[in-house]
Structures are given as structure tokens and as C-alpha cells.
1. So, in the range 83-123, how many residues would count as being of a type in the set (A, V, I, L, M), in contact with a Pro (Cβ under 9 Å, 6 or more places away or on another chain) and either at pLDDT below 95 or within 20 Å of T146 (Cβ to Cβ) (or both)?
2. Checking the condition more than 15 Å from V84 (Cβ to Cβ), surrounded by 13 or more Cβ atoms within 10 Å (Cβ to Cβ) and among the β-branched types (V, I, T), which residue from V49, V28, V45, V9 passes?
3. Just give me the residues in the range 42-74 being touching a helix residue (DSSP H, G or I) at 6+ places or on another chain (Cβ under 8 Å) and either within 30 Å of M1 (Cα to Cα) or acidic (D, E) (or both), in sequence order.
4. Name the single residue, out of those in the range 31-60 being within 19 Å of the chain's Cα centre (by Cα) and among the acidic types (D, E), that is farthest from F12 (Cα to Cα).
5. Quick one: in the range 92-110, of everything that is of a type outside the set (A, V, I, L, M, F, W, C) and not in a helix (DSSP H, G or I), which residue is nearest to G164 (Cα to Cα)?
6. Please go through the range 1-57 and give me each residue that is in a loop (DSSP other than H, G, I, E, B) and among the polar types (S, T, N, Q), ordered by number.
7. With the requirement that a residue be over 26 Å from L183 (Cα atoms), acidic (D, E) and part of a loop (DSSP other than H, G, I, E, B), what does the range 58-90 give you?
8. State whether the residues of the range 141-155 include one that is touching a residue at least 40 places away in the same chain (Cβ under 8 Å) and surrounded by 18 or more Cβ atoms within 10 Å (Cβ to Cβ).
Amino acid sequence: MAKKILFIVGDFVEDYEIMVPFQALAAVGHHVTAVCPNKKAGEFVRTAVHDFEGDQTYSEKPGHNFTLNGTFDAIHAADFDALVIPGGRAPEYLRLNPKVLECVRHFATAHKPIAAICHGAQLLAAADVLSGKSCSAYPACAPEVTKAGGTYASIEVTEAAVDGNLVTAPAWPAHPQWIAKFLEVLGTKITL
């Protein structure tokens, strides 16, 4: 059965971390809705491409405009089966929005599947839903995970971690593992 999956995004969300899972989840038949506080369906968020080029941290380049297909103020978290939180710079300011945090808490307390990648863990930490959970993220977010009562899962950038309903990964190179594990948690069956 197709699931209704909510994406919470904002300007300078990581390009691959919104585009790839949004398209992949839609391609297997799920209903995906991307929303951003203070923006409406049909408007867009700007994305940023983060790359790993041998510097001390990732580099950042302009990405694409990603068109939203939902309006944040019109959605009800209870209407969705799962949540995806992409990374990039958006989580650092989205976590300041009490309605965003309330939405994240809904999915955690209802034990609905949640997939977060890279800096998406900042929203999980700010929503105070990591206590007792294992969570991967971009390594610079490890202190936030542990301060929020979680255990930072230090894994390869190509791997993903699962703790119950929570699927996390360090960054977009983990997409094959992260998306596959999220599909398993969703109960999605793909036959060849």
C-alpha cells in the first residue's frame, strides 16, 4: 500500500538529499509532499550542492530550485505515514520554528518511520526525540546528537543506521543504503 510521506525542507536544503529521495519514493508509488514554512505549494526552495573534495569539510555550490508541492500551514502531520528530513543548511534554522518541531515530535511519538540525513539530525535533536536512540549524521552534528541524549552512530559515509523507526545516514553518498533501509522500515515491497 502506498504511504503518504512528508518532507520538511527549507532554502539551501542539500540538493541531492531532497531531489533523489523525493523522486525515488515517488517512483516506487508513494505519495510524497514537500513543504517549507512560510512558503506555499508551487513556490520553490533554493538548494545547495555539498561535495566532498578533500577539504576539512564539504564544499558548497549553488544547486537547483526545488518546487514545493504542499503548503506547510495547510498540512496535518497526522495525515502522513512517514517523515523525511533532508540535510543541508535548512535544518539549522528550521529547528527554530516551534511548528516544525511539533511536527517532528508527532512522527516520533506516534512511532512513524522517520528518515533523516546529514544535518537533518539537527531537527531531531532540537525536537528532543533522540533520547536513547542511535542516530547517524554529518560528523559535525555528532555533539548535537549526544547532547540530545542519543548515541551518535559513526559509520562510513556510504552507510545508513536503523534504530526502530529511525533511519539515518551521514550524507548523500549513503543514498543507496539509506533509501533501501527506509523502504524496509516503510514496509515497501519491490519485486523484480
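1. Step one: filter the range 83-123 for residues of a type in the set (A, V, I, L, M), giving 83-85, 90, 94, 96, 100-101, 104, 108, 110, 114-117, 121, 123.
Filter again for in contact with a Pro (Cβ under 9 Å, 6 or more places away or on another chain), leaving 83-85, 94, 100, 115-117, 121, 123.
Now drop any that are not either at pLDDT below 95 or within 20 Å of T146 (Cβ to Cβ) (or both), which leaves 85, 116-117, 121, 123.
Number of matching residues: 5.
2. Values: V28 fails: more than 15 Å from V84 (Cβ to Cβ); V45 fails: more than 15 Å from V84 (Cβ to Cβ); V9 fails: more than 15 Å from V84 (Cβ to Cβ).
Residue meeting the stated conditions: V49.
3. Going through the range 42-74, the residues touching a helix residue (DSSP H, G or I) at 6+ places or on another chain (Cβ under 8 Å) turn out to be 45, 47-50, 52, 57, 63-64, 66, 72.
Result: V45, F66, F72.
4. Only one residue fits best here, namely D51.
5. Top of the filtered list is R95.
6. Of the residues in the range 1-57, the ones in a loop (DSSP other than H, G, I, E, B) are 1-3, 9-12, 28-30, 36-43, 52-57.
Selection gives N38, Q56, T57.
7. Passing the criteria: none in range.
8. Taking the range 141-155 and keeping what is touching a residue at least 40 places away in the same chain (Cβ under 8 Å), we get none.
Looking through the range 141-155, none of the residues is touching a residue at least 40 places away in the same chain (Cβ under 8 Å) and surrounded by 18 or more Cβ atoms within 10 Å (Cβ to Cβ).
The values are calculated or read from the model by the stated rules, or taken from the named source; none is laboratory data. These figures come from a predicted structure and were not determined experimentally. Please note: Cβ atoms are built from the backbone with ideal geometry, for glycine as well, and neighbour counts cover all protein chains shown.
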